[in-house]
1. How would Ser70, Ser92 rank on accessible area, largest to smallest, probe 1.4 Å?
2. Between Glu45 and Thr130, what is the label-point separation in nm under the 7 Å Cα-to-beta-carbon projection?
Amino acid sequence: MGCFQGGMTWLGWSLGNHFSSYIIDFDHWIAFVLLGYLGGKMIFESFQEEEKSPLTFSNKTLLTLGIATSIDALAVGVSMAFLKLNIWFPASIIAFTTFFLSLTGILCGFRFGQIKGLKAELLGGLILITIGIKILAEHTLMN
């Protein structure tokens, strides 16, 4: 996740120098659809009776999640391009902060996921959908 956040900030900055008006127009819709899909999939899987290992994320799911949660970082990079800022330091801080917070979340999730009766996958799915709705609302209602 840290690589995606830092990389998408850099990519947004690069694209912002060339195609800024196109990215800002639809980035929130991409994030909303991807997060809604992943959240819905997690909610659906939380009601399956099959017992699964807590580490069931495939590379495809992690890639999709990394992209979906980094769309806003892409927009931040675009805004940094408008401000003519040097991208390397902010992108590095974003990447390292995201890495450490994601690691903390994984460790906490592993602990809480072992509690019997806790529907961590259901809660995670609801959180992803909420983040998608928040991104969409911020971009459509604030503009």
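1. Listed by decreasing accessible area, they come as Ser92, Ser70.
2. 2.0 nm
The values are calculated or read from the model by the stated rules, or taken from the named source; none is laboratory data. Keep in mind it's a predicted model, so treat the numbers as computed, not measured. As a convention, Cβ positions derive from the backbone with ideal geometry for all residues, glycine included, and neighbour counts pool all protein chains shown. Ligands, DNA and RNA are stripped out before the accessible areas are found, and what is left, the full protein with its side chains, is counted by its heavy atoms. Shrake-Rupley method; radii C 1.70, N 1.55, O 1.52, S 1.80 Å.
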